[in-house]
Every structure is written in C-alpha cells, then in structure tokens.
Amino acid sequence: MKKQIILSIILLSSTLFSFAQFSQSPLPFKYNALEPFIDSVTMYIHFNNHHASYVANLNKALEKSPDLKNKSIEYLLQNLSKLPADIQTVVRNNGGGHYNHTFFWTMLTPANKSKMSPKLESVLTQNYGSVEKFKTDFEKVALSRFGSGWAWLIKSEDGKLKMFSTPNQDNSLMDIIKIPGKPILALDVWEHAYYLKYQSKRAEYIKAFWNVVNWDLVEKLMTE
Ligand code: MN
C-alpha cells in the first residue's frame, strides 16, 4: 500500500513538474489595449484558445521525438523537410502557428504608441514610392490570400524587402516553402483573427491593423 502511494506521488509529481518544450510568452499588452481596432474578446480567444492550441499540439507531437527536445522553434521550421515524416505536418501547422502568433503579438501595440518614425517613412518611400503605396500593396497581398493564411513583409537574403502571403501557418523560415527571409511585418488573415468584429469584411480589418502596428519594432527588424 505504502509503495503504491509513493509511486502515485512520484507519477503525479513528474506530470506536474514536467516542462513542456514550448510555452506562450505573456501578451505584451492587455486584451482590450487594441480597441477599437482589434476587440478584446477576439484577442482573448485568439491568444488563449488558438495560439495555446498550437503550442499544446506542438509539444504533444514532439514528445515522440526526444532528439528534437532541445531544438528551438526556428530550428524546427528551418529544418522542416528533415523532420520525421510522422510529425512533419504537425510541426508545420502547429510550430508555424506558434512562431507566427508569437511574432504577431509583438507586431501589435496600442494605437497611441503606433507611430512611424521619419527614418522608417523614408525607407518605405524609397522602396515603394510612398508610405501609402506601401500600405496599399500590403493590403492587396493580405486580401488576395484565399482562405486562411498570413500576409508578410520580409527582408530576403539579398537584403531586399519582399511582400507575399502564405497559406495556413506557413512562413519564410520554413525550408519547404522556398521564400527565405527574415519576417519584418506579419498580419494574420485567418477568420479567427477578425470575424467577431468585422465578420466577412477582411478589408476593414486590414485597414484597422495600420492603427496598431508596432512601427518601432518594424524599423528595428528592418535595419538590424
Ligand atoms: Mn491566428
């Protein structure tokens, strides 16, 4: 009997104290901080249900592969094609989901902090003709994604800025999608990101996004 109790305690402790490989960093703002552009209920569900599920599914899939235990999310995505076949799709969808959402939260900031510096304005003007043209180009990319996915601005390996969209949770780190580069700006255009407030009006959500972009981070990523 005593042995059984001790065994139960050991089993329970190992469950309680086993550290999952990946976890969510806290949101860098309150759920309602992006109102009225992104509503607090959407933020709450997006962070606690959608993003949390990607992390849970990713951790579960990796339990089967102890040799991937200490690998970073960037490593997993950059080496997707070399991962064991039975977890490749799970890591693509859920690892991509974890990376993309973690990046997206840092891309957002309350409207009163969302300000583009003259330096960033000049970089965007050099590349796109004007800041307005940069925005309309990005909006077109985000609108043209059929179904679920992301719109991206990346710095490609030759240092040039590029815009494109990816389906599902794919991104430019993945070795299987052949658009290598460092993400600079990302917009989640899955319906779960906007449907409660904007319903089918994706274009309105995309326009609202400009009010809550963390331009300081965009500039940092672009120039470093
Ligand atoms: Mn999402």
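FYI, it's all coordinate maths here, none of it is from the lab. This is a predicted model, so every value here is computed, not measured. Here the Cβ is made from the backbone with ideal geometry for all residues, glycine too, and neighbour counts use every protein chain on show.
What percent does the relative contact order of the chain come to when contacts are Cα pairs within less than 8 Å and at least six residues apart?
In percent, rounded to a whole number, it is 23.
How high is the relative contact order of region 111-223? Use alpha-carbon pairs under 8 Å, at least six apart in sequence, and give a whole percent.
Computed over region 111-223, the figure is 29 percent.
P(r) for the chain, please, calculated from all Cα pair distances in 5 Å bins and given in %.
1, 6, 13, 17, 18, 15, 12, 7, 4, 2, 2, 1, 1, 0, 0, 0
Apply the a/c threshold of 1.5 to the C-alpha gyration tensor of region 111-223 and tell me whether it is rounded, prolate or oblate.
oblate
Taking the chain as a Gaussian network, Cα atoms linked when under 10 Å apart, which of LEU68, LEU187, LEU77 shows the biggest mean-square fluctuation?
Top of the fluctuation ranking is LEU68.
Whole-Hz ³J(HN,Hα) for each residue in region 98-103, computed from phi via Karplus 6.51 cos²θ - 1.76 cosθ + 1.60 with θ = phi - 60°, x for glycine and proline: what do you get?
Going residue by residue, I get 5, 4, 4, 6, 4, 5 Hz, with x marking Gly and Pro.
Under the rule of -39500 (n - 2.57) per DSSP H run of 4 or more residues, summed and divided by the residues of the chain, what mean residue ellipticity at 222 nm is obtained, to the nearest 500 deg cm²/dmol?
It lands at -13000 deg cm²/dmol.
With a cap of 15 neighbouring Cβ atoms within 10 Å, and only residues DSSP puts in a loop, list the trypsin sites (Lys or Arg not before Pro) found in region 119-224.
LYS160, LYS178, LYS201
Cross-link partners among lysines for LYS201, C-alpha distance below 30 Å, same-chain residues fewer than 8 apart left out?
LYS30, LYS113, LYS115, LYS133, LYS135, LYS140, LYS155, LYS162, LYS182
Say each of LYS160 and ALA203 gets a label point 7 Å from the Cα, pointing the same way as Cα to Cβ; how far apart are those two points in nm?
Distance between label points: 3.0 nm.
Which ³J(HN,Hα) values in Hz, rounded to whole numbers, follow from the phi angles of region 118-125 under the Karplus curve 6.51 cos²θ - 1.76 cosθ + 1.60, where θ = phi - 60° and Gly and Pro get x?
Whole-Hz 3J(HN,Hα) from phi for region 118-125: x, 5, 5, 4, 6, 5, 5, 5.
Round to the nearest 10 and give me the degree value, 0 to 90, for the angle of helix 52-62's Cα axis relative to the longest principal axis of the chain.
It is inclined by approximately 50 degrees.
Read phi for every residue in region 147-161 and hand back ³J(HN,Hα) as whole Hz from Karplus 6.51 cos²θ - 1.76 cosθ + 1.60, θ = phi - 60°, with x for Gly and Pro.
x, 8, x, 9, 9, 10, 10, 10, 9, 6, 5, 8, x, 8, 7
Using only Cα atoms, find the angle between the long axis of helix 2-16 and the longest principal axis of the chain, and express it within 0 to 90 degrees, rounded to the nearest 10.
Its long axis makes an angle of about 10 degrees.
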